[in-house]
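Have a look at the structure below before the remarks.
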2 protein chains.
Amino acid sequence: MTRQHIAHRMKGISPFHVMQLLARAKELESAGRSIIHMEVGEPDFSSPEPVITAGKNALDAGLTGYAPAAGIPQLRKAIAESYKRTYKIDIDPKRILITPGSSGALQLILGVCVNPGETVMMADPGYPCNQNFVKMFGGIPQQVQVDRKTNYQLTAELVEKAWTAETRAVMVASPSNPTGTLLPKEELAKIHQLVQEKGGILLVDEIYQRLVYGVQSYTALDIANDLFIINSFSKYFGMTGWRVGWLVAPEEYTECIERLSQNIFISSSTSAQYAALRALDPDCEVIFEKRRLDFQERRDFLYTALKEIGFDIPVLPEGAFYLYADCSKFTNDSYSFCWNLLEAEGVAVTPGKDFGENNPQKHIRFAYTNNLALLAEGVRRIKAFIKY
Amino acid sequence: MTRQHIAHRMKGISPFHVMQLLARAKELESAGRSIIHMEVGEPDFSSPEPVITAGKNALDAGLTGYAPAAGIPQLRKAIAESYKRTYKIDIDPKRILITPGSSGALQLILGVCVNPGETVMMADPGYPCNQNFVKMFGGIPQQVQVDRKTNYQLTAELVEKAWTAETRAVMVASPSNPTGTLLPKEELAKIHQLVQEKGGILLVDEIYQRLVYGVQSYTALDIANDLFIINSFSKYFGMTGWRVGWLVAPEEYTECIERLSQNIFISSSTSAQYAALRALDPDCEVIFEKRRLDFQERRDFLYTALKEIGFDIPVLPEGAFYLYADCSKFTNDSYSFCWNLLEAEGVAVTPGKDFGENNPQKHIRFAYTNNLALLAEGVRRIKAFIKY
C-alpha cells in the first residue's frame, strides 16, 4: 500500500503551520528554555470550578452513556434561555443542536448545505479550517481579500461584487479570528438581505461572541432566523478541551442536520454537556465577566506596546483575544520572522500564512491569552529581537 | 431560505430508523409503561469506578485545555503497549491516532483515502453509518450481500467476485454489528492478500474486538501492517458517552490523517483521554473480563430462548452483544413487527431495515445489553406477542 491511495482532497487541505512552531517551542521548553506563548488560541484560564464540579458530578451519577445526537434536552433549553436573557430573543430549543465543538457545527452545516463544485464566500484573512471544511465536501472556498478599510470584515458591497453563479453560501465571523474585529450589526443585516436576495445562505460564526470589549455583544439571530449560527463553549466559557459547541439552524434544516450528526458523531460527550449546562448559570457568568475584563486589560496593554515598538495595527480590535499586526516595518517574510523570533528570543507567535493568501508575509497574529507579566516579558524580548 | 439548499448528498444519508422507535419507547415509559430495551448498542454497565475517578482527577488537575490533534502521547503509547501485552505485536505509537469515538476514526480514514466516485466494498447486513460516511465523501458504497453460508462475513471469494475497476477499499468488521459473527483470521489474511494484489486498501473494524466468547480475540495487525484499524473505548471498555476511539494506520498515512484531524476535530476530549488511559491498566481488565463473561451468559440465554420460540439464528454468534435473527416464521415485514411488538408488549428491538438491503424485512437485531432478568421478561413478552 503506497501513498498513491491518498485522496485528491488532501492536496488542498493545509496543516496549521503554527503547530510545527509550537512543537519546536515545546522542544525548547523541555530543554530548559523559557518560552513566552502568544501563538495559541486558548485562554490560560482553565475551566472554572463550578463547571469542573458539574462534570465530575455527571460522572459520579454514572452519566457515561450516549447522549441524544442533537444534545441533552436540558442544554438545548438552557441555551435558548440564555439567548432570551442576554439578547431578549426567543429561539425554539429544537433549532439548537449540540455539537462536538464548533468544529462539529461547521462540519454539519457545510455537509448539509454545500454541494461539490459550489463556492462558499469568506473573508481572507480568516480561520483556516473554514476553507478546509468546504474543500472536504468538494466545495470551493471563495476567499475575498479584506483589509483595514473594512476593518478586516466582509461588507455587503464586497459580497455583491464577489458573488458568482456558483456562490452558495457566505460565512462571516464576528469577532473575527485572526483580526479580533467586529462586523457592525447594521452591515451584517445588509449582508443578510443581499444573501437572501441572491438565494444563498448565511453562516455566522459567533464563537467569540461574548468576548468583546467596550461594546455590546449581539447575535445575528436578532437580525433574522433564516441563517445559521456557529457557537461554542470553548472560548468565553473556557472549555476548549471538553469539545462542546452548538449551532442554531432554520427549522427546516434541523432534521437533516440531526440525521447527519447521528451518522458522523453519534453524540457529543455526555458529561461535558452537563458541565456546559452549569456554565450557563448566572453565578458562572460572574466568573466569565471577570475574565473578560482581564482580557480587555491584556488587549489594551499589548495593543499599545506593539504599536510603540513599530507594529502597525490599524484599529483597536474590539473582540476575541487576538491582534493581527502588520510587521512590514521589520520584515517581508513573517514566517521566517516568527521562526527566528522563537529561536533567538523564545517568543512564539503565529505567522500570517496560517490565515490565508492575503499578504500573509506581512502579518503576524499575537494572542493575548497569557497574563500581563508574561505579555510584558514577551514585548521586552520582541523589542530586543527587532533591534538587531 | 428554503429546503432547496439542502445538498444532494443528504438524499443518500439514511437516519437510524430505530431512533424513532426509541423515541416512542421513551414516550411510553414516561407514560408509565414498562419497556424492555433490546434495541440499543450500548452496555447497561456504566464506566467502571477507576475510569470515572481518572476522568475526575484529570478535571481536578485542570486538564481542561486542548489535547494534541493525534491524542495525548501517554494514551497512544499505552495502546501500543496493550497491543504488545494482548497480542504480542509491536506497533509504533506514531501509527496510533486518538479520535472522537470510532466514528471519528472512520471519518478520517475514509476522508484521507476515498475519492468521489470510488467504491468501498462492505458486507450487507452491516453497520449503517459505514455507507453514509462513504457517501458523505462522494464515494459509492458497494454492498455485498452475505448470509449464513459465510457466517454473514465477506470472504476472499466474495471480494474477488465483486471487485470492479472503481473499487478502492474493502471494509470488514470482526465481530460484526449486527450479526455478532467473527471473520476467521485465516480468511481475513486471504482477503488482505487479495486486496493488496488488486491495489486497494483494507479497513478492519475491531470495535468489538475483545467482546468474544469462547474464542481468542485477534487483531488484523497480526496479519499485516499495511491496513487500517478502527477501534474504540466505547464497547468493551464501557465508555460510550466519553467519545474516545482510535485508529492504527500505515506509517505513510499518518501525516495526512493528523492534518485532517487538526482541521475537522482540533482534538478529542482531554479528560476523556486520561480516563481511557486508566481503562488500559491491568486492574481494570479484571472488571472488563468479568463483564465479558456476563455478556457471554446473556448471549447463551437469549440465543437458546429465541430459537426455542421459533426465531432462526443459523449459528451461535461469538462476539459483540447482538443476535441477528430471521423472523420470517412470524412476519415478512420486520419493521411493522418491531413497532407492533413495542406497542403491544413494550419490547424494543431493531428492525433489519437499519442494516442494509439484504432481506431486512426478514430480520431483527436483538441486543443483549441488559441483565438476564430483563432479557427473560423480554422473551416472555415476545412469546406472548407471537402467540396472537
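The values are calculated or read from the model by the stated rules, or taken from the named source; none is laboratory data. Keep in mind it's a predicted model, so treat the numbers as computed, not measured. Cβ sites come from the backbone with ideal geometry, for glycine too, and all protein chains shown count toward neighbours.
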Within the range A:18-53, which residues are within 21 Å of residue A:234 (Cβ to Cβ), crowded, with 18+ Cβ neighbours inside 10 Å and more than 10 Å from chain B (Cβ to nearest Cβ)?
A:18, A:37, A:38, A:39
Six or more apart or on different chains, Cβ under 6 Å: which pairs go from a residue in the range B:60-71 that's in contact (Cβ under 8 Å) with a residue 12 or more places away in the chain to one that's assigned to a loop (DSSP other than H, G, I, E, B)? Could you list them?
B:64/A:46; B:64/A:47; B:65/A:42; B:66/A:42; B:66/B:267; B:67/B:267; B:69/B:267
Across the range B:194-208, what is the number of residues that are in contact (Cβ under 8 Å) with a residue 60 or more places away in the chain, within 22 Å of residue B:179 (Cβ to Cβ) and either of a type in the set (A, V, I, L, M, F, W, C) or out of contact with any Gly (no Cβ under 8 Å at 6 or more places or on another chain) (or both)?
3
Any residue at all in the range A:287-302 that is within 14 Å of chain B (Cβ to nearest Cβ) and over 20 Å from the mean Cα position of the chain (by Cα)?
yes
Evaluate the range A:23-31: report whether one residue or more is touching a helix residue (DSSP H, G or I) at 6+ places or on another chain (Cβ under 7 Å) and part of a loop (DSSP other than H, G, I, E, B).
no
Which of the residues spanning the range A:336-388 are touching a residue at least 40 places away in the same chain (Cβ under 8 Å), of a type in the set (Lys, Arg) and over 23 Å from residue A:235 (Cβ atoms)?
A:381, A:383
Selection over the range B:217-240 where residues are among the charged types (D, E, K, R) and either more than 7 Å from every other protein chain (Cβ to nearest Cβ) or within 16 Å of residue A:14 (Cα to Cα) (or both) yields a count of 2
Out of all the residues in the range B:62-79, which are closer than 21 Å to residue A:26 by Cβ and either more than 9 Å from chain A (Cβ to nearest Cβ) or assigned to a helix (DSSP H, G or I) (or both)?
B:70, B:71, B:72, B:73, B:74, B:75, B:76, B:77, B:78
Hey, residue A:315 at pLDDT 95 or above, more than 19 Å from the chain's Cα centre (by Cα), surrounded by fewer than 18 Cβ atoms within 10 Å (Cβ to Cβ) and of a type in the set (A, V, I, L, M, F, W, C) or not:
no
Scan the range A:82-94 and give yes if some residue there is in contact with a helix residue (DSSP H, G or I) (Cβ under 8 Å, 6 or more places away or on another chain), closer than 25 Å to residue A:236 by Cα, surrounded by fewer than 22 Cβ atoms within 10 Å (Cβ to Cβ) and among the hydroxyl-bearing types (Ser, Thr, Tyr), otherwise no.
yes
Can you tell me which residue within the range A:1-17, out of those that are over 30 Å from residue B:195 (Cβ atoms) and out of contact with any strand residue (DSSP E or B) (no Cβ under 8 Å at 6 or more places or on another chain), is nearest to the other protein chains (Cβ to nearest Cβ)?
A:16
If residue A:262 satisfies every condition in (1) more than 18 Å from residue A:107 (Cα to Cα); (2) modelled with pLDDT under 95 but one, which is the exception?
(1)
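Keeping to the range B:241-263, report how many residues are within 22 Å of the chain's Cα centre (by Cα), crowded, with 21+ Cβ neighbours inside 10 Å and within 7 Å of chain A (Cβ to nearest Cβ).
Count: 3.
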Looking at B:132, B:177, which is the one that is within 30 Å of residue B:270 (Cα to Cα), within 10 Å of another protein chain (Cβ to nearest Cβ) and buried (at least 20 other Cβ atoms within 10 Å of the Cβ)?
B:132
